[in-house]
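All remarks here apply to the structure that follows.
Read the figures in this text as sums done on the coordinates, not as results from a lab. Everything numeric in this text was worked out from a predicted model, so none of it was measured. When we count neighbours, we look across all protein chains shown, and the Cβ atoms used for this are built from the backbone with ideal geometry, even at glycine.
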Amino acid sequence: MHIVIVGCGRVGSGLAVDLLKNGHSVTIIDKASTSFRRLPEGFTGEKVVGFGFDIDDLKRAGAERAFALAAVTSGDNSNILTARIARENFNIKNVVARIYDPRRAEIYQRLGIPTVATVSWTIDQVHRRLFPDTFTDEWTDATGSVRLIERMIDAKLSGVGLKDFEIPGVSKIVMVMRGKESIIPSEEMIGQEGDVLYVAVKKSGLESFMNLFGENELSETGN
């Protein structure tokens, strides 16, 4: 599949190399030709000097046949504009914009433009290491009505059946990380200390879900 990457910084160049290794065709756009120095020798993708929000530059990068586009420059406005043009002018369904301002990222997410908020992600990762036994968000849908929550099983909850953490119509465990293994849980699976649960939870049922763990408050990270 053909992927267009806008921005040849550390993220863009690393993403380009990774996608090529996975068999995709890649074109990377950057306004400065010197940025392409970050790409390794023998890079087999295409390079375009230009702007992601310029329709002609996007055409040169193969946007008309692209399966996906990632806008990962250092500018929030440029990335959002690029993502919108990719969607509206080239009908690229799979787009993502890198956003530094978490407040703006949330707004665009709700408008249907997938974003990666660098600051929010970093805060979230630090929080997880500081408080491994609290609830943290992995993902929230564009409407804000469903959240994917991560929760580690501690010693006091070890031995409890995982189905006891599910509420019909409110919460559903979608995956369990046990050591290095990712598991789709069965009805009979028993929780072990150190298991990390990934649970889809309706926002309207957060309090009921929280009570299953005996918690008095929910840590909301990244919102």
Residue by residue through region 191-201, which ³J(HN,Hα) values in whole Hz follow from phi under the Karplus form 6.51 cos²θ - 1.76 cosθ + 1.60 (θ = phi - 60°), with glycine and proline marked x? x, 10, 4, x, 4, 10, 8, 10, 10, 7, 10
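Tell me, in nm to one decimal, what length is gained between V170 and R60 on full extension, where the rule is 0.36 nm per residue of separation less the Cα-Cα distance?
Extending this stretch completely gives an extra 34.9 nm.
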If amide H atoms are modeled at 1.01 Å from N in the peptide plane, then the residues at a separation of 5 or more from E46, or on another chain, having amide H under 5 Å from its own are V26, T27, I28
Between the DSSP loop rule and a limit of at most 11 other Cβ atoms within 10 Å, which GluC sites (Glu not before Pro) in region 169-202 are left? E187, E188
For I92, what residues show an amide H to amide H distance below 5 Å, using hydrogens built from the backbone and excluding near sequence neighbours? R87
May I ask you to sort D101, D18 by Cβ crowding, counting other Cβ atoms within 10 Å and putting the fewest first? D18, D101
